[in-house]
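Heads up, the thing below is written out as structure tokens.
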Amino acid sequence: QVQLVESGGGLVQPGGSLRLSCVASGRGFSSYHMAWYRHSPGKERELVAGIYSDGSTNYADSAKGRFTISRHNAKNTVFLQMNSLKPADTAVYYCRAWLAPRMYWGQGTQVTVSS
């Protein structure tokens, strides 16, 4: 069993930055693939960025060039550095861990980009 706890969300002005963290409990973190998703009202939950157990990454087009996903296996943590934030980035951001057939979600952290 893996539990995921996100933190780092908040209110930020357009153009600002935030760094989200997701800490995982349990064993075997380095074997899990990790990702950040977001969900805003009226929209479907969407993938923002993923980082796999081998360190490879992928990003949604909306995140490329602005967001960076990273992981620190010794600290069981995955990060999402978000720069040049826009109002359209406002959403609840969720951390996901998976290693087939297991999959886990965090409870989410709210990010609001507004002046």
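The values are calculated or read from the model by the stated rules, or taken from the named source; none is laboratory data. Just so it is clear, the structure is predicted and the values come from calculations on it, not from any experiment. All Cβ positions, even for glycine, are placed from backbone atoms using ideal geometry, and neighbour counts span all protein chains on display. Accessible surface areas use protein heavy atoms only, side chains included; no ligands, DNA or RNA. Shrake-Rupley method; radii C 1.70, N 1.55, O 1.52, S 1.80 Å.
Under 7 Å between Cβ atoms, which residue pairs at least 6 apart in sequence (or on different chains) link something in region 70-89 that is in contact (Cβ under 8 Å) with a residue 40 or more places away in the chain with a partner that is small (Gly, Ala, Ser) and in a strand (DSSP E or B)?
As it stands, the answer is Asn76/Ala24; Thr77/Ser21; Phe79/Ser21; Phe79/Ser70; Leu80/Ala49, since those pairs meet every condition given.
If we scan region 99-109, do we find a residue that is among the small types (Gly, Ala, Ser), open to solvent by less than 40 Å² (accessible area, probe 1.4 Å), in contact with a strand residue (DSSP E or B) (Cβ under 7 Å, 6 or more places away or on another chain) and over 26 Å from Ser31 (Cα atoms)?
no
For region 70-89, enumerate the residues that are open to solvent by less than 30 Å² (accessible area, probe 1.4 Å), of a type in the set (A, V, I, L, M) and either more than 11 Å from the chain's Cα centre (by Cα) or under 17 Å from Gly16 (Cα atoms) (or both).
If the condition is that a residue be open to solvent by less than 30 Å² (accessible area, probe 1.4 Å), of a type in the set (A, V, I, L, M) and either more than 11 Å from the chain's Cα centre (by Cα) or under 17 Å from Gly16 (Cα atoms) (or both), then Leu80, Met82, Leu85 are the ones that fit.
With the checklist (1) under 21 Å from Gly10 (Cα atoms); (2) surrounded by 14 or more Cβ atoms within 10 Å (Cβ to Cβ) in hand, flag the one item Ser114 doesn't pass.
So the condition that Ser114 fails would be (2).
Looking at Leu11 and the list (1) touching a Ser or Thr at 6+ places or on another chain (Cβ under 8 Å); (2) surrounded by 14 or more Cβ atoms within 10 Å (Cβ to Cβ), which single condition is not satisfied?
Against the list (1) touching a Ser or Thr at 6+ places or on another chain (Cβ under 8 Å); (2) surrounded by 14 or more Cβ atoms within 10 Å (Cβ to Cβ), Leu11 comes up short only on (2).
Restricting the search to region 1-28, which residues are more than 19 Å from Met103 (Cβ to Cβ) and part of a strand (DSSP E or B)?
Matches in region 1-28: Ser7, Gly10, Leu11, Val12, Leu18, Arg19, Leu20, Ser21.
Within region 29-55, which residues are open to solvent by 20 Å² or more (accessible area, probe 1.4 Å), closer than 16 Å to Ala97 by Cβ and in a loop (DSSP other than H, G, I, E, B)?
Answer for region 29-55, where residues must be open to solvent by 20 Å² or more (accessible area, probe 1.4 Å), closer than 16 Å to Ala97 by Cβ and in a loop (DSSP other than H, G, I, E, B): Arg45, Tyr52, Ser53, Asp54, Gly55.
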